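Have a look at the structure below, then the notes.
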Amino acid sequence: MTLIRSISGIRGTIGGKQGESLTAADIIHFTSSFAVFQKNKSKKNKIKIVVGRDARVSGDMISRLVTGTLISMGADVIDIGLSTTPTVEIAVPEEKADGGIIITASHNPKNWNALKFVNSNGELITSAESKEYLDIVDNNSIIYSEVDKLGIATINDTCIGKHIEKILKLPLINKEAIVKANLTVAVDAVNSTGGISVIPLLKSLGVKHIEPLFCEPTGIFPHNPEPLPEYLNEISNFVVRKKADVGFVVDPDVDRLAIICENGDMFGEEYTLVAVADYVLTHKPGNTVSNLSSSKALKDITLKHGGEYFASAVGEVNVIETMKSVNAVIGG
């Protein structure tokens with residue numbers, strides 16, 4: 001059994017002994033500590049926290065524990081239910097919340113789950129914030145609220161729709177061109193929340209021919225949920241069989257994307273970032289960021305468009321921090 005504390009949050013395997021895996025007791029303690037952390041950051045006694053999850057089997061159980069614990073700490077909860085990591089990050093500032101908890105083990109197998117912590121800006125907590133939070137975890141001095149000061153939970157199932165609306169309003173989204181292309185698009189959502197987010201997004205963009213594969217949010221992953229080429233034979237064959245123009249594959253919390261070409265070949269994550277950056281920089285020149293595991297292709301594209309390229313350490317938090325520090329227009 002495994003329990004890992006890192007800048008990306010708390011993740012571990014379900015079941016086993018407290019302190020050695022992600023047990024109910026551990027979830028309660030880590031969630032209580034986050035409530036203390038957010039109260040300290042906001043200087044408020046009454047805080048509001050957004051909670052969302054992917055569809056993995058343990059998600060409902062953990063969501064109930066997280067929500068109940070936050071209420072017991074006097075925090076109000078906006079429960080957005082089945083969602084995506086980017087949607088929770090958008091929902092936090094949209095709901096004027098003090099923070100968020102995303103219940104997802106991202107691309108890890110089904111026996112894993114995790115708590116990802118979001119600050120009031122809708123960003124994963126920084127390395128400095130993570131240290132502050134873990135100090136509270138280790139200090140173990142949690143004071144729960146009295147009965148008259150308990151929080152309340154509110155259900156909000158509109159957040160994915162609002163997220164899609166924001167995407168449609170982006171100036172670089174050309175819906176007319178998408179409709180005119182008359183594309184057939186295949187989608188593999190690994191039986192998680194991509195089925196309730198990517199497919200509605202495609203429909204909103206005007207895609208009329210969608211071929212779904214593993215798009216029911218049952219949490220029963222039909223293959224390894226990390227969208228790497230060695231796990232994507234079925235979607236590759238599916239794209240060819242359905243004569244699709246392109247295939248999209250996402251991980252359980254929809255923050256990783258793989259693209260399949262019309263002949264079933266992988267487009268490649270490196271090409272994805274570079275192709276998107278080339279389009280963005282054509283319309284909005286500026287600086288870019290990618291992590292140190294990337295090739296120099298993004299740098300070449302950025303220089304071609306007159307911008308400056310910066311490398312960050314590996315990890316979404318590190319990419320975000322570098323993007324903000326250099327005023328980047330795109331990163332990944």
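Every residue in the range 273-296 that is in contact with a strand residue (DSSP E or B) (Cβ under 8 Å, 6 or more places away or on another chain) and either in contact (Cβ under 8 Å) with a residue 60 or more places away in the chain or not in a helix (DSSP H, G or I) (or both), please.
Listed by number, the residues that qualify are Val280, Lys284, Pro285, Gly286, Asn287, Thr288, Val289, Ser290, Asn291, Leu292, Ser294.
Restricting to the range 60-96, what's the tally of residues that are touching a residue at least 60 places away in the same chain (Cβ under 8 Å), over 16 Å from Ile196 (Cβ atoms), of a type outside the set (S, T, N, Q) and assigned to a helix (DSSP H, G or I)?
Within the range 60-96, residues that are touching a residue at least 60 places away in the same chain (Cβ under 8 Å), over 16 Å from Ile196 (Cβ atoms), of a type outside the set (S, T, N, Q) and assigned to a helix (DSSP H, G or I) number 3.
Looking at (1) in contact (Cβ under 8 Å) with a residue 60 or more places away in the chain; (2) over 30 Å from Ala186 (Cβ atoms), which one does Val254 not meet, given that it meets all the others?
(2)
Would you check if there is a residue in the range 240-254 being within 30 Å of Leu183 (Cα to Cα), of a type in the set (Lys, Arg) and either modelled with pLDDT under 95 or buried (at least 20 other Cβ atoms within 10 Å of the Cβ) (or both)?
Looking for residues that are within 30 Å of Leu183 (Cα to Cα), of a type in the set (Lys, Arg) and either modelled with pLDDT under 95 or buried (at least 20 other Cβ atoms within 10 Å of the Cβ) (or both), one finds none in the range 240-254, hence no.
Look at the range 1-59 and say how many of its residues are in a strand (DSSP E or B) and closer than 17 Å to Ile102 by Cβ.
15
For the range 316-332, how many residues meet the condition of being open to solvent by less than 50 Å² (accessible area, probe 1.4 Å) and in a helix (DSSP H, G or I)?
7
Scan the range 111-124 for residues that are assigned to a strand (DSSP E or B) and open to solvent by 30 Å² or more (accessible area, probe 1.4 Å) and jot them down.
Of everything in the range 111-124, just one residue is assigned to a strand (DSSP E or B) and open to solvent by 30 Å² or more (accessible area, probe 1.4 Å), namely Trp112.
Condition first: farther than 28 Å from Pro225 by Cα and surrounded by fewer than 20 Cβ atoms within 10 Å (Cβ to Cβ). Can you find one or more residues in the range 96-105 that meet it?
yes
If I ask for residues that are in a helix (DSSP H, G or I), crowded, with 19+ Cβ neighbours inside 10 Å and not β-branched (Val, Ile, Thr), which ones from the range 298-315 would you list?
If the condition is that a residue be in a helix (DSSP H, G or I), crowded, with 19+ Cβ neighbours inside 10 Å and not β-branched (Val, Ile, Thr), then Leu298 is the only one that fits.
Taking the criterion of being over 25 Å from Leu172 (Cα atoms) and not in a helix (DSSP H, G or I), would at least one residue in the range 241-249 satisfy it?
Yes, the conditions are met somewhere in the range 241-249.
Let's see how each residue does on (1) within 16 Å of Asn156 (Cβ to Cβ); (2) buried (at least 23 other Cβ atoms within 10 Å of the Cβ):
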position	(1), (2)
Ile7	no, no
Gly15	no, no
Leu22	no, yes
Val36	no, no
Val50	yes, yes
Ala75	yes, yes
Thr87	yes, yes
Glu94	yes, no
Pro109	no, no
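Considering only the range 72-96, state which residues are hydroxyl-bearing (Ser, Thr, Tyr) and either under 14 Å from the mean Cα position of the chain (by Cα) or within 20 Å of Asp253 (Cα to Cα) (or both).
Answer for the range 72-96, where residues must be hydroxyl-bearing (Ser, Thr, Tyr) and either under 14 Å from the mean Cα position of the chain (by Cα) or within 20 Å of Asp253 (Cα to Cα) (or both): Ser83, Thr84, Thr85, Thr87.
For the range 70-91, indicate whether the set of residues that are more than 24 Å from Asn140 (Cβ to Cβ), in contact with a His (Cβ under 6 Å, 6 or more places away or on another chain) and among the aliphatic types (A, V, I, L, M) is non-empty.
yes
Would you please name the residue that is surrounded by the most Cβ atoms within 10 Å (Cβ to Cβ), looking only at residues in the range 24-34 that are in contact with a helix residue (DSSP H, G or I) (Cβ under 6 Å, 6 or more places away or on another chain) and closer than 18 Å to Glu129 by Cβ?
In this case the residue turns out to be Thr31.
Within the range 226-239, count every residue that is surrounded by 16 or more Cβ atoms within 10 Å (Cβ to Cβ) and under 23 Å from Ser293 (Cα atoms).
Total meeting the criteria: 4.
Considering only the range 218-240, state which residues are free of Cβ contacts under 8 Å to residues at least 60 places away in the same chain, outside any helix (DSSP H, G or I) and not hydrophobic (A, V, I, L, M, F, W, C).
Pro222, His223
The values are calculated or read from the model by the stated rules, or taken from the named source; none is laboratory data. All values derive from a computational prediction rather than experimental measurement. Ideal geometry is used to build each Cβ from the backbone, glycine not excepted, and the neighbour counts take in all protein chains shown. Accessible surface areas use protein heavy atoms only, side chains included; no ligands, DNA or RNA. Shrake-Rupley method; radii C 1.70, N 1.55, O 1.52, S 1.80 Å.
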